[in-house]
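Before any comments, here is the structure.
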Amino acid sequence: MNDVVTDVAARLRGAGIAALLPDGARHDPWPDVDVLVPRTQWSAARAALAVGAGWRFELGGLGLWRLTGTVSYGWDDGTIVHLHRGVPAAPLPSRALRRLEHQLWAGARPADGGWLEPDPESRVAYVASQAARPGFAYERQRWAARIAVEDDAVAPRDRSWQSRVWSAAGWLQREVRPRRLATPLKTVLSQSPLLDRSPARCRFGGVDLVVGSRVFKPRSVTETLLDAVRRDVEGLDAPVVVEVGTGSGAIALGLASARPTAEIHAVDLFPRAVRSARRNRRRLGAARVHVYRGSLLDPVPERLSGLVDAVVANVPYVPPERRNNGWEFAPGAIGGSGADGLGLVRDLAAAARRFLRPGGSIILQMTGGQWTHFADELAELGYRDGGILGGSGADIVVGARFEERAREVAIP
């Protein structure tokens, strides 16, 4: 078990909560760890992880997803802890597996790390029950492999009426219409909230955000972007900042929390994102943050021309070779335009010259391979290369400063 899982066990144990690893500690299920807690201790378990646990996001505790009885917590190192109220049974009612639940707890015994683990027979029954369920978290290949390597007696495939209902639920997941109902229904049927298809609580830049369903959730590399703009405007009394591609408002609101005197204008193209950002702005009372819907800098007030200290952006930039079929939750929110993915970034850099004051900065997120040639393009637009400011993996944060002589360059 890694340090995160060890810390979770300590927190639950410190709160007097019995926590069971249904896989058994010896299977080392990291990075996805299923944890069962007694139904009567469900609220206490969530409270134990609410403060100081260090997770980046919490899924499953909002809206319709509260009915699932599962809350998932994710950390920056990739660890995901799925906290279950009893044994996951959806789309059946939870009582359908109540007998198995009693069996798991009755045979539970202490394991390394402060956990409880089931006896071998109960563990096999649990694995078989989850292999029969449709859903996103419990993929059949994962559970089929677990059954194949289990060195205890393996129960035969379940052909009961429960299994037939689960099969019918799988058909519903594939065929349900209209589309606007498909995602929540699929999620509730599978009892498995997914990161970008479910509402979530996210911790970012010292603020707690509620991020709507199908709105991009801020990652650790995005916090690097926030740190870069905070450093850039550090010496200014009342900086003016424009954020493009705000999503849930993470960077704008994180900056507003750190710099209450800043005037911040945030833009996003997607209505869901704009609604999410505005809700977070109201929740946090960030009166000096203004949120607009529109493309790039189009909705930014003309009165800001030549007055902006920094333009910060995380617009779609991922090149075609890195695109992923799992991005359909928000088409166009990740994959960049053009042969190299930088079409929108180029348009933004050109348009930003109208708003930036001389010496103002543009701060962007992209890949290291893109920056090697894009730095030269920025120089042609009148920017002075500020270099790589941070990053995570293949993704980096870069900066450039707008120079006075750039005003001689034709600005559209």
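The table for this structure:
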read-out	value
Of all residues making up region 233-253, the number that are buried (at least 24 other Cβ atoms within 10 Å of the Cβ) and outside any loop (DSSP other than H, G, I, E, B)	8
Hits in region 88-109 (condition: among the basic types (K, R) and not in a helix (DSSP H, G or I))	R109
Residues satisfying the stated conditions in region 229-258, i.e. charged (D, E, K, R) and within 21 Å of G306 (Cβ to Cβ)	D232, D237, E243
Unique match (being in a loop (DSSP other than H, G, I, E, B), in contact with a helix residue (DSSP H, G or I) (Cβ under 8 Å, 6 or more places away or on another chain) and assigned by TED's automatic domain parsing to the domain that holds G16) among G78, G61	G61
Residue that is more than 30 Å from G391 (Cβ to Cβ), of a type in the set (F, W, Y) and either in contact with a Lys or Arg (Cβ under 7 Å, 6 or more places away or on another chain) or in contact (Cβ under 8 Å) with a residue 60 or more places away in the chain (or both), where the choices are W55, W42, W75	W42
Checklist (1) at pLDDT 85 or above; (2) more than 32 Å from the chain's Cα centre (by Cα); (3) surrounded by 14 or more Cβ atoms within 10 Å (Cβ to Cβ); (4) not basic (K, R) applied to P110, failing item	(3)
Candidates R272, R230, R278 - the one that is assigned by TED's automatic domain parsing to the domain that holds I396, outside any loop (DSSP other than H, G, I, E, B) and in contact with a Gly (Cβ under 7 Å, 6 or more places away or on another chain)	R272
Considering residues of region 390-405 that are within 18 Å of D376 (Cβ to Cβ) and assigned to a strand (DSSP E or B) only, the residue modelled with the lowest pLDDT	I396
Residue in region 352-360 that is at pLDDT 95 or above, in a loop (DSSP other than H, G, I, E, B), in contact with a Phe, Trp or Tyr (Cβ under 7 Å, 6 or more places away or on another chain) and assigned by TED's automatic domain parsing to the domain that holds G382 present	yes
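The values are calculated or read from the model by the stated rules, or taken from the named source; none is laboratory data. Because the structure is predicted, anything quoted here is derived from the model rather than measured. Cβ coordinates were reconstructed from backbone atoms using ideal geometry, including for glycine residues, and neighbour counts include every protein chain displayed.
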